[in-house]
Amino acid sequence: MSSSDGPSTREIRTDYLARVEGEGGMYVRVRDGEVDEVQFKIFEPPRFFEALLRGRQFTEAPDITARICGICPIAYIASSCNAMEAVCGIELPEQVRLLRRLVYCGEWIESHVLHAAMLHAPDFLGYAGAVELARDNKPLVETALRLKKAGNTVMDVVGGRAVHPVNLRVGGSYRAPSRADLQALVPELEWARDAAVEFTRLVATFEFPDYEQDYAFVALRHPGEYAIERGRIVSSAGLDIDVSEYEQHFTESHVERSNALHSTLAGVGNYLVGPLARYALNSAELSPLARDVAAEVGLGDVVRNPFRSIVVRAVETVYAADEALRIIAQYEPPEPSFVPAVPRAGTGHGCTEAPRGICWHRYQIDGEGVILDAKIVPPTSQNQKTIEEDLVGVVRQSLDLTDDELAHRCELTIRNYDPCISCATHFLRLEVDRA
Amino acid sequence: MRAAACLGSRYRGDDAVGPLVADRLRAAGATVLDCDDEPTRLLDAWAGLDLVVIVDAISSGAPAGTVHRFDPGGGALPRDLGLASTHAFSVPEALELGRALGRAPRRVLVVGVEGAAFGMGDPVTPAVDAALDGVAAEVLATLNEEG
């Protein structure tokens, strides 16, 4: 970080903003005490997955798109499977679907805990990172690592391995785990559920900057469950559409400074996806335990302070462990473990709740199952404009902070979103230029 | 016990150095730790080991194919040579975290190959490819050394 002072300009630069997934940058310009411009830039080279997919078999999309992200591969696998299943007219039998939901619960646990405990919590506790936190608070970091491992183990057992799982396919799973395989997960998931409750209580005691924004929330919704792997796309502004109607309402536009595309919702503008959106739209569908914990720590029905997203992530971790246990308790191994997929020409859409928010896919395939066209809208690109809006709001009310403090506050603001920038298109460069 | 930890992505040009060296080491019967894209997994995998050789692509501006070797001793791994990689939790951080938690190997060595192209779908640069057999042989010899 460097700082230069002049009669009309003050600049703060941070070359690398750590503890986010991927590479990106930020520029804030302040003139005469007013925030003049904020740009949240993503400069990871554009990712050519969509082009890479063209000409491949429809059954390959889950394994190819899983490589987009090492933290949330299930999101890509599940969304692409949903889309291909839509084209092929496949309805998943209940136990097959529940296996997909179970492996997704594993991903929520590992991803949320990595971000909340290892990457985000140090911000609030005054540490430079998890290493420094671990030197002072070994039990907290050990608990986080064990929680994360519990999630990864679910992915190992159901998905075949924890990173880029290989057991999932269009129509279901290559092999269904036995009941004993899943029962073996129960003791650690019970520990994880209880540990997540304690973690929620801890993070709720953090001191949060006093900042709220009236977000337009967008999430999946499905009656009777906290939507993860299926649902309609709904918003706090009254939108309620099938995932196939997404492009009629959401627009992606290229912004020069960024390799990711900015998304807007027609009639609304920028919007927010992820934990705050899911919680605002679907908290009634959380399990009784997760609802009780949320109430105990004072979350209310809607959380508009993005810094409190760490608390919502913790509540969702409780939920994911609870839900995984519920699924395991009623599990009957499906036979067969998948519905055979016969390709037919057409277009299919899939959307699921990645830990960071909705991950939307569209594929056009021909009668031989060859992918003709693909479009993937990851959550971080959808949140990008809203992150900028948050930065404007946060900087505006934080101008009395020193350069270092302001830079830290901006980094924290971006980390609120657990931005997976490598999905959206690696390090953030932070530049604050103020008079 | 000694093992190698090979990092990188087969799908990102010269970032495939780690996986390609891992293939050669496994074929020769060496122990290669599996951390995929997630360095925190190393904390379980390498705790208590005598030596871990980290193999990765390096981006320092040297000519492609240049082989770098570091022995950080008890110090930190360099974060500015590409080892910091693209991930939320880097290998240098994983080593520091492992040391803070008492879950690090007793000794770490780094062998890196300078890459030139790291784009999605890029082929491995010929100069990098040409270095891989030699690097694998060197790592294997280190893993098989006495004591």
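The values are calculated or read from the model by the stated rules, or taken from the named source; none is laboratory data. All values derive from a computational prediction rather than experimental measurement. Methodologically, a virtual Cβ is constructed for each residue, glycine included, from the backbone with ideal geometry; neighbour enumeration extends over all protein chains shown.
Per this entry, B:Thr86 is not counted among residues that are polar (S, T, N, Q), at pLDDT 85 or above and surrounded by 15 or more Cβ atoms within 10 Å (Cβ to Cβ). Residues in segment A:298-311 that are buried (at least 18 other Cβ atoms within 10 Å of the Cβ) and over 13 Å from the mean Cα position of the chain (by Cα): A:Leu299, A:Val303, A:Pro306, A:Phe307, A:Arg308, A:Val311. One residue stands out in segment A:141-164 among those that are touching a strand residue (DSSP E or B) at 6+ places or on another chain (Cβ under 9 Å) and assigned to a helix (DSSP H, G or I): the one that is nearest to the other protein chains (Cβ to nearest Cβ), namely A:Gly159. Cβ-Cβ contacts under 9 Å between residues 6 or more apart (or on different chains), taken from a first residue in segment B:63-88 that is within 14 Å of chain A (Cβ to nearest Cβ) and outside any loop (DSSP other than H, G, I, E, B) to a second residue that is buried (at least 20 other Cβ atoms within 10 Å of the Cβ) and modelled with pLDDT under 50, are absent. Taking the criterion of being buried (at least 24 other Cβ atoms within 10 Å of the Cβ) and among the aromatic types (Phe, Trp, Tyr), the only residue of segment A:312-339 that qualifies is A:Tyr319.
Selection within segment A:113-138: residues that are of a type outside the set (Ser, Thr, Tyr) and part of a loop (DSSP other than H, G, I, E, B). The member of this set that is surrounded by the fewest Cβ atoms within 10 Å (Cβ to Cβ) is A:Gly126.
In summary, strands (runs of 3 or more DSSP E) completely within segment A:1-85 and bearing 3 or more residues that are more than 13 Å from every other protein chain (Cβ to nearest Cβ) and at pLDDT 75 or above occur at A:23-31, A:34-41. Scan segment B:37-62 residue by residue and report those that are within 14 Å of another protein chain (Cβ to nearest Cβ) and surrounded by 15 or more Cβ atoms within 10 Å (Cβ to Cβ). Matches in segment B:37-62: B:Asp37, B:Glu38, B:Pro39, B:Thr40, B:Arg41, B:Leu42, B:Leu43, B:Ala45, B:Trp46, B:Ala57, B:Ser59.
Is it the case that A:Arg291 is closer than 19 Å to A:Thr352 by Cα and among the basic types (Lys, Arg)?
No, not satisfied.
Taken over segment A:261-299, the criterion of being of a type in the set (A, V, I, L, M) and part of a strand (DSSP E or B) is satisfied by A:Leu261, A:Leu265, A:Leu272. Could you check segment A:358-402 and list, in sequence order, the residues that are at pLDDT 90 or above and among the acidic types (Asp, Glu)? Once the filter is applied, which keeps residues that are at pLDDT 90 or above and among the acidic types (Asp, Glu), segment A:358-402 yields A:Asp366, A:Glu368, A:Asp373, A:Asp390. Within segment A:175-190, residues that are loosely packed, with under 13 Cβ neighbours inside 10 Å reach no partner that is basic (Lys, Arg) and assigned to a loop (DSSP other than H, G, I, E, B) with beta carbons closer than 8 Å at six or more positions or on different chains. For segment B:10-33, taking the residues that are surrounded by 22 or more Cβ atoms within 10 Å (Cβ to Cβ) and within 12 Å of chain A (Cβ to nearest Cβ), the one that is farthest from B:Glu114 (Cα to Cα) is identified as B:Gly13. Within segment A:199-226, the set of residues being over 28 Å from A:Gly126 (Cβ atoms) and part of a loop (DSSP other than H, G, I, E, B) comprises A:Asp214, A:Ala216, A:Pro223, A:Gly224, A:Tyr226.
Can you name every residue in segment A:101-140 that is within 17 Å of A:Ala78 (Cα to Cα), of a type in the set (A, V, I, L, M) and away from chain B (no Cβ under 14 Å)? Correct list: A:Leu102, A:Val103. One residue is enough: does segment A:189-209 have a residue meeting the conditions more than 14 Å from chain B (Cβ to nearest Cβ) and touching an Asp or Glu at 6+ places or on another chain (Cβ under 6 Å)? Yes, segment A:189-209 has at least one match.
Every residue in segment B:97-147 that is of a type outside the set (A, V, I, L, M), surrounded by fewer than 22 Cβ atoms within 10 Å (Cβ to Cβ) and assigned to a helix (DSSP H, G or I), please. Scanning segment B:97-147 gives B:Arg99, B:Pro126, B:Asp129, B:Asp133, B:Gly134, B:Glu138, B:Thr142, B:Asn144.
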